[in-house]
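Quick notes on the structure that follows.
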Amino acid sequence: MARRAGGNLAHPRYRHCVTSTPEAAASPSDTPDSDRGRPADYDIGAFSETPPWEVITSELTWRHGIDELRQATAAEVPQLLRRRRVPPLRRLVLVATVLLQALGGWYLFDRWRARWANRPEISQAGLSHRLRKAFERLGPTYVKLGQILSSGQGIFPEPLVDEFKLLRDHVPAETYETVRAIVEEELGQPLDAVFKEFDIEPLAAASIAQVHAAILLTGEPVVVKVQRPTVASLVRRDLGVMSWIAQALVGRIPVAALANPPALVQLFAETIVEELDFRLEAENMLDIAHILAETDQRTLVVPRPHPTLVTRRVLVMERLDGFRWDDVAGMHDAGVDTSAVVHAGMIAFLEGAMLYGVFHGDLHGGNLFVRPDGKVVLLDYGITGRLDETRRLAFLRLLMGGTVNDVKLQMAALRDLGALPPDTDLDAVMHDLGIDQPVKDPTTMEPDELIGQIRDLTKALLAYGATMPKELMLFVKDLLFLDSALATLAPDVDLFSEITSVAMYFATRYGERIAHDVGIDPREQAVDLEGVKASFGLTNDVDRLTYRDLQARREIIRSRMGASRHQKRRHRWQRDRSTR
């Protein structure tokens, strides 16, 4: 059901470029070289070819002072995380109560059901479900944390990842009355004075905001992103609680990740605070669109933000659609080459990071549509990786080091990115991590041996003060997503051939620029797959690896680890029963 209204919306900077009917605006476009010609903003951004309006950057009123706003947002994080002697007590008590209730329910019910049924998976599933419901109760900050955890396929337990995926767009929505009040307050006029139709039910609801389909009075179909009413104050309060708890945990618990608790909270704070002002997100859209146009990556499409209807809590943008990212059958029926889709996404992602220091920081299936012509619509720009020139060059050295299998160059690049302290002895790190040792296939290792190696690796990294800088974390998270995309869209592509193809693309197109930036000319360097094979735990005599092969290897490791854990649990439970 849609809300309908009448009226007129006119603005001298609002240039109409399509017919006023939604059907015409949403119809497939001609190619840029057709008789209709290209949109006037084609050269400045990778936008759709049937624009509802043109982007004229100098006339976007919401961009005034955008650089100062970004700087002020970044400067807010240290203040939010400052050391407090006393935490926000009321919020701390609520958080502790909700989490303890979830853990208590698991301990009293799910854990015992799993024991009596001799089915450990019941325990994991029960705990994951209760934690997800607890995060929903605690609100936007914890929902966002759950969304980040849901991207950790292969890092966190599978039941936890699967459960937390529900937090991406199945979060309880705000009421229509609340949404309407926020939109009217932000735009300074009644809803009926801006929109002909405004859908009461949201398209999706997530941690920070929810999105509604709408039609402007002038006929253009749009999507309206609306921030939840109290999210900004709640996030800031929760960061105070998290910061206080993280500081209290230092030295009191064994750290099992590549960061100490305060560093993890800082990374999370830097990520979420940026999402609280939609003017920054709209600017991110323009930046990514411009990079895609500069590199002529027209296989990705960015929605146009509206020239005037963008505020801190409301973002109106062009409405685009397509196949869901997991609708592989629909894409194939439409003749879409799904392997080419993944290849184009990887190229564009690497170009942004390596050459411009800017990339979309939150790739997941809910943020991507594939159009019938094979172009990918990229959505949700609240999180964007941004590297200054020093770190961009370090990042470029890291990737080039992987291409030529120069491990020391990669370690130096990680140090320059901030993942290791500036005075780190790189030779010692390489020796302690066993990087200079022959590769051992993990599928042939006993579970206890593999667990021991992971534990020793983690301890060694922590001993050197290893951390995970925000941009590196976002990059790795995106790589994990693209890795999973291969599983669904291109499972039979040879990974070694794909890596070689990507490397040759950059050598051919950007060889001179890369040589100038980092002193390594990829045109004169053969791609060395030995290091790539080592990262997969493969010996150098393996010549081909598809994603199906990789999944089979991972399944062997997973099943061996799972069988070992299951056997240990059985022995422990049997011992406990015998002592009753």
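The values are calculated or read from the model by the stated rules, or taken from the named source; none is laboratory data. Everything quoted here is computed from the prediction, not taken from an experiment. Neighbour counts are summed over all protein chains in view; Cβ atoms, including those assigned to glycine, are modelled from backbone coordinates with ideal geometry.
For segment 385-418, taking the residues that are at pLDDT 90 or above and small (G, A, S), the one that is farthest from E270 (Cα to Cα) is identified as A412.
Only one entry in I122, I182 is surrounded by fewer than 20 Cβ atoms within 10 Å (Cβ to Cβ), in contact with a strand residue (DSSP E or B) (Cβ under 9 Å, 6 or more places away or on another chain) and more than 28 Å from L267 (Cβ to Cβ), namely I182. Residue pairs whose Cβ atoms lie under 6 Å apart, separated by 6 or more positions or on different chains, with the first residue in segment 506-523 and without any contact (Cβ under 8 Å) to a residue 12 or more places away in the chain and the second of a type in the set (S, T, N, Q), do not occur. Exactly one residue out of A173, A206, A114, A193 is within 29 Å of L239 (Cβ to Cβ), small (G, A, S) and out of contact with any strand residue (DSSP E or B) (no Cβ under 8 Å at 6 or more places or on another chain): that is A206. In segment 73-96 there is at least one residue that is modelled with pLDDT of 75 or more, assigned to a helix (DSSP H, G or I) and closer than 28 Å to A348 by Cβ. Cβ-Cβ distance below 7 Å, separation of 6 or more or different chains: which pairs start in segment 417-428 with a residue that is under 21 Å from V476 (Cβ atoms) and end on one that is of a type in the set (D, E)? So the pair list comes out empty. Scanning segment 232-247 for residues that are within 22 Å of the chain's Cα centre (by Cα) and either of a type in the set (V, I, T) or crowded, with 20+ Cβ neighbours inside 10 Å (or both) returns V235, D238, L239, M242.
Table: residues versus (1) out of contact with any Ser or Thr (no Cβ under 6 Å at 6 or more places or on another chain); (2) in the same structural domain as I122 (by TED's automatic domain parsing); (3) free of Cβ contacts under 8 Å to residues at least 24 places away in the same chain; (4) under 17 Å from A246 (Cβ atoms).
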site: W53; (1), (2), (3), (4): yes, yes, no, no
site: I66; (1), (2), (3), (4): yes, yes, no, no
site: E76; (1), (2), (3), (4): yes, yes, no, no
site: R85; (1), (2), (3), (4): yes, yes, yes, yes
site: P88; (1), (2), (3), (4): yes, yes, no, yes
site: L94; (1), (2), (3), (4): yes, yes, no, no
site: F109; (1), (2), (3), (4): yes, yes, yes, no
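For beta carbons closer than 6 Å, sequence separation of 6+ or different chains, a first residue in segment 463-481 that is on the phi > 0 side of the Ramachandran plot and a second that is surrounded by fewer than 18 Cβ atoms within 10 Å (Cβ to Cβ), the qualifying pairs are G465/P421.
On inspection, D67 does not qualify as touching a helix residue (DSSP H, G or I) at 6+ places or on another chain (Cβ under 7 Å) and at pLDDT 85 or above.
Taking segment 461-580 as the region of interest, the helices (runs of 4 or more DSSP H) fully inside it that hold 2 or more residues being modelled with pLDDT under 70 are 547-578. Exactly one residue out of A256, A263 is in a loop (DSSP other than H, G, I, E, B), in the same structural domain as R85 (by TED's automatic domain parsing) and either of a type in the set (A, V, I, L, M) or at pLDDT below 90 (or both): that is A256.
Residue-by-condition table, conditions (1) modelled with pLDDT under 95; (2) surrounded by 20 or more Cβ atoms within 10 Å (Cβ to Cβ); (3) hydroxyl-bearing (S, T, Y):
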position: Y176; (1), (2), (3): no, no, yes
position: S207; (1), (2), (3): yes, yes, yes
position: G219; (1), (2), (3): no, no, no
position: T230; (1), (2), (3): yes, no, yes
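Condition check ((1) in the same structural domain as E49 (by TED's automatic domain parsing); (2) farther than 19 Å from D41 by Cα; (3) at pLDDT 95 or above; (4) surrounded by 23 or more Cβ atoms within 10 Å (Cβ to Cβ)) across all residues:
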site: D277; (1), (2), (3), (4): yes, yes, yes, no
site: A293; (1), (2), (3), (4): yes, no, yes, no
site: Q297; (1), (2), (3), (4): yes, no, no, no
site: V302; (1), (2), (3), (4): yes, no, yes, yes
site: M331; (1), (2), (3), (4): no, yes, yes, no
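Taken across segment 362-373, residues that are surrounded by fewer than 22 Cβ atoms within 10 Å (Cβ to Cβ), touching a residue at least 40 places away in the same chain (Cβ under 8 Å) and within 30 Å of G519 (Cβ to Cβ) do not occur at all. Scanning segment 510-533 for residues that are surrounded by fewer than 16 Cβ atoms within 10 Å (Cβ to Cβ) and over 27 Å from R548 (Cβ atoms) turns up E512, R513, H516, G519, D521, R523, E524, A526. Which one is modelled with the lowest pLDDT, of the residues in segment 150-160 that are over 13 Å from H129 (Cβ atoms) and hydrophobic (A, V, I, L, M, F, W, C)? Selected residue: I155. Contact annotation: residue pairs with Cβ atoms under 6 Å, 6 or more positions apart or on different chains, pairing a residue in segment 140-153 that is under 14 Å from M473 (Cα atoms) and of a type in the set (A, V, I, L, M, F, W, C) with a partner that is part of a helix (DSSP H, G or I) and modelled with pLDDT of 80 or more, are L149/F164. Filtered by the rule that a residue be assigned to a helix (DSSP H, G or I) and closer than 14 Å to V314 by Cα, segment 162-188 gives T178, V179, R180, A181, I182, V183, E184, E185, E186, L187. Note on segment 381-408: residues that are closer than 19 Å to E471 by Cβ and touching a residue at least 60 places away in the same chain (Cβ under 8 Å) total 14. Going through (1) over 28 Å from A209 (Cβ atoms); (2) in contact with a Pro (Cβ under 9 Å, 6 or more places away or on another chain) one by one, V377 falls short only on (1).
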